[in-house]
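Report on one structure; see the data block that follows.
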Amino acid sequence: MVMVNEGAGSFENPEPGSYAAVCNQLIDLGTQEGEYQGNKIKRRQVILGWELTEKNSKGEPFRVSAFYTASLSEKSKLRPIIESWRGVAFTAEELGGFPLSKLLGKPCLVSLILNDKNKIRVSSVSKLPKGMPTPTNTMAIVEFDLDKFDPIVFGKLSPKLQDMIKKSPEYAKATSGGHEVEPEHDAQEPDVEPEAGY
């Protein structure tokens with residue numbers, strides 16, 4: 001597994017605020033190309049997704065997700081998210097390799113904000129406050145790992161995500177048995193958050 005890292009149309013979003021949630025999605029996007037301050041960059045990315053206890057008008061739990069660079073560097077966005085969620089800093093051993101799959105099924109408090117494009121975004125994830133009931137997961141947990149490629153899970157992802165993953169060298173290696181070229185990573189670059197939607 002990766003060691004550490006909403007689409008067009010109209011659909012219902014939760015209101016900004018903090019919600020009890022369960023992590024129910026981990027999708028490995030492989031190494032993606034992007035741009036930061038006019039420079040092209042490459043970074044391994046993942047999506048973390050959560051099921052909220054808040055329900056939509058159909059009575060179904062809201063789902064939210066966020067894109068992260070798969071890095072636990074001090075300047076990464078993922079590291080403080082996980083440390084706040086667990087309520088403890090990473091040990092030196094964990095910083096050498098932490099399996100993100102440990103987060104699946106874990107409860108937390110997810111805070112949502114409305115960004116400058118009027119879209120709901122995950123702003124922080126933290127431990128549940130004492131006394132708050134622990135939420136339970138009602139939707140299937142989705143885990144897609146390019147290092148353990150599963151064509152059935154891949155086939156259930158949205159076409160948009162499949163297209164993104166297909167551009168990665170990890171996908172080429174997983175599906176052809178070939179050898180990927182080791183991409184250049186810059187863990188100091190902040191995450192570039194693509195449009196939501198899975």
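The values are calculated or read from the model by the stated rules, or taken from the named source; none is laboratory data. None of these values were measured; they are calculated from a predicted model. When we count neighbours, we look across all protein chains shown, and the Cβ atoms used for this are built from the backbone with ideal geometry, even at glycine. To get the accessible areas, we keep the full protein, side chains included, count just its heavy atoms, and leave off ligands, DNA and RNA. Shrake-Rupley method; radii C 1.70, N 1.55, O 1.52, S 1.80 Å.
Observations on the structure shown:
- The residues of region 1-144 expose on average 51 square angstrom of accessible surface per residue, using a 1.4 Å probe on protein heavy atoms.
- Shown in residue order for region 132-145 are the 3J(HN,Hα) couplings computed by the Karplus curve 6.51 cos²θ - 1.76 cosθ + 1.60 at θ = phi - 60°: 6, x, 6, x, 10, 7, 10, 9, 5, 7, 10, 10, 10, 10 Hz (x for Gly and Pro).
- 3J(HN,Hα) along region 85-99: 5, 7, x, 8, 6, 5, 7, 4, 5, 5, 5, x, x, 10, x Hz, from the Karplus curve 6.51 cos²θ - 1.76 cosθ + 1.60 with θ = phi - 60°, whole Hz, x for Gly and Pro.
- Directionally averaged projected area (region 53-104, Cα convex hull): 4.6 nm².
- Relative to one another, the C-alpha centroids of region 15-90 and region 99-172 are positioned 6 Å apart.
- Listed peptides 137-148, 32-43 by packing density, highest first (mean Cβ within 10 Å): 137-148, 32-43
- One quarter of the surface of the convex hull around the alpha-carbon atoms of region 44-182 equals 10.8 nm², the direction-averaged projected area.
- In terms of distances greater than 18 angstrom between alpha carbons, the cross-link table entries 106/156; 102/127; 40/167; 148/173 yield 106/156.
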